[in-house]
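These notes concern the structure reproduced below.
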Amino acid sequence: MERAFNKLEKVALRRRKETGRPLILIINSAHLLRDDVDGQNLLELVQQRAEQWAAGHLCTIVFNSDDYWVYERLKLQGTRLEVLPVLDLTKQKAIAALRSYRHQYYAEEPPQSVLEGIYDKVGGRLAFLSKIAKAPDMQQACDDICIREKTWLLNQCWILGEEMDDDVMDQQKFAVG
């Protein structure tokens, strides 16, 4: 990683010298890093380098993720960077996007009631709306997403008693604060 960072830094230095502007690096799907110690350490390493480069006007790094743990980790560790959550679309915009996607993929105009029902189930997350619009059966795709999200949530929930470790307590204090 350090060799790759050093090479990227040389490119950023050359670019800044040529254009007077920092390099922009976008890291898509940061949530594909494993949510374990190694993945969190890697994210922290990249974040630290991003902060150094931003301070030196060498490179602006944008992390893009579809999972909350990345946001939470960046927010916790960030000292000189701005962490912004990108919120879901409003109901009107989500329905308009779903209608547009469906027309693009299947050249059909679903009834307003169907679009509203889908929004009521999955909300305005673009990734969900895109998957639903691309599916031959929108209702089945919607139900599949709901089942997947419910399973994920239930797998994340635990009953915590007095024996919980200090890391959990620290995370709870951070989340409340």
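The values are calculated or read from the model by the stated rules, or taken from the named source; none is laboratory data. As the structure is a prediction and not an experimental result, all values here were calculated from the model. Reconstructed Cβ throughout: ideal geometry from the backbone, glycine too, with neighbour counts over all protein chains shown.
Put simply, of Gly117, Gly124 the only residue that is under 21 Å from Val86 (Cα atoms), of a type in the set (Gly, Ala, Ser) and surrounded by 13 or more Cβ atoms within 10 Å (Cβ to Cβ) is Gly124.
Only one entry of Arg34, Arg3 meets the criterion of being out of contact with any Leu (no Cβ under 8 Å at 6 or more places or on another chain) and over 30 Å from Glu149 (Cβ atoms), and that entry is Arg3. Which members of region 43-73 meet the condition of being aliphatic (A, V, I, L, M) and loosely packed, with under 15 Cβ neighbours inside 10 Å? Answer for region 43-73, where residues must be aliphatic (A, V, I, L, M) and loosely packed, with under 15 Cβ neighbours inside 10 Å: Leu45, Ala55, Val62.
Filtering Leu81, Leu25, Leu76 for residues that are surrounded by 12 or more Cβ atoms within 10 Å (Cβ to Cβ) and in a helix (DSSP H, G or I) leaves a single hit, Leu76. Contact map, region 62-80: residues that are in the same structural domain as Leu25 (by TED's automatic domain parsing) paired with residues that are among the acidic types (Asp, Glu) and in a loop (DSSP other than H, G, I, E, B), Cβ distance under 7 Å, separation 6+ or inter-chain. Pairs shown: Trp69/Asp35. Counting residues in region 102-125 that are basic (Lys, Arg), modelled with pLDDT under 90, assigned to a loop (DSSP other than H, G, I, E, B) and closer than 23 Å to Cys146 by Cα gives one or more. Scanning region 84-94 turns up one or more residues that are over 30 Å from Leu25 (Cα atoms) and either at pLDDT 90 or above or not assigned by TED's automatic domain parsing to the domain that holds Gln48 (or both).
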